[in-house]
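**Student:** This is the structure I have questions about; it appears just below.
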Amino acid sequence: MFDMVIATQNTRMNWLGSAALVAVALLMGAPDAGAAGEVASGSASGLPVPRYVSLKSDRVNVRAGPTKDHDVAWVFTRSGLPVEITAEFENWRRIRDWEGAEGWVYHSLLSGRRTAVVTPKNKDDLVPLNESPETTGSVTAKLQSGVLAAVRRCSGGWCRISGEGFDGWIPQERLWGVYPNEKVD
């Protein structure tokens, strides 16, 4: 599990209420996404929303809303973790982590560097890391749930990832931090 400080239940409930109000406000002011299949752009950055990024710092405050006046809901304490940007408001980004928790962070605490978390079908399973992007390739390692990796590239349903002591190919569906069939160069 990641090093993450979780807020108290009362703070979590206050955060959920605030987040719901912010979400409603954003939805009311959000432009129409357009035709089916079209990716919306962030109003502040012009980049696609949703999109995956990673945490730039070893200490990232996640707030209940998009200002420093909002309470800190929890703190991430590990750089490089992948998060999904789900909304933008000025210099703030609403993010979701691999466990589904959502909150707001200041944009400068995020990096465009792509990382991913290994997600086996069953939590206790090990996921084979192959030498080549095919099931017949030799297995170079077996990774457990929650392993953090840098995403080097993805195509054809496979991603090349690397981390401390491993480098190889893994089925894209076994990663949280890349979209299904997303091409990453």
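**Student:** Restricting to region 72-120, and then to whatever is outside any loop (DSSP other than H, G, I, E, B) and small (Gly, Ala, Ser), can you tell me which residue is nearest to CYS154 (Cα to Cα)?
**Tutor:** The qualifying residue nearest to CYS154 (Cα to Cα) is ALA116.
**Student:** Something else: Taking region 80-100 as the region of interest, how many residues are more than 14 Å from VAL60 (Cα to Cα) and either buried (at least 18 other Cβ atoms within 10 Å of the Cβ) or outside the structural domain of GLY42 (by TED's automatic domain parsing) (or both)?
**Tutor:** Within region 80-100, residues that are more than 14 Å from VAL60 (Cα to Cα) and either buried (at least 18 other Cβ atoms within 10 Å of the Cβ) or outside the structural domain of GLY42 (by TED's automatic domain parsing) (or both) number 6.
**Student:** Can you pull out every residue in region 145-169 that is within 11 Å of VAL118 (Cβ to Cβ) and in contact with a helix residue (DSSP H, G or I) (Cβ under 8 Å, 6 or more places away or on another chain)?
**Tutor:** Scanning region 145-169 gives a single hit, CYS159.
**Student:** Return the residues of region 122-145 that are under 22 Å from the mean Cα position of the chain (by Cα), surrounded by fewer than 15 Cβ atoms within 10 Å (Cβ to Cβ) and in contact (Cβ under 8 Å) with a residue 24 or more places away in the chain; say none if nothing qualifies.
**Tutor:** Hit for region 122-145 is GLN144, nothing else.
The values are calculated or read from the model by the stated rules, or taken from the named source; none is laboratory data. Values in this document were obtained by computation on a predicted structure and should not be read as measured data. Every residue, glycine among them, receives a Cβ derived from its backbone with ideal geometry; neighbour counts consider all protein chains shown.
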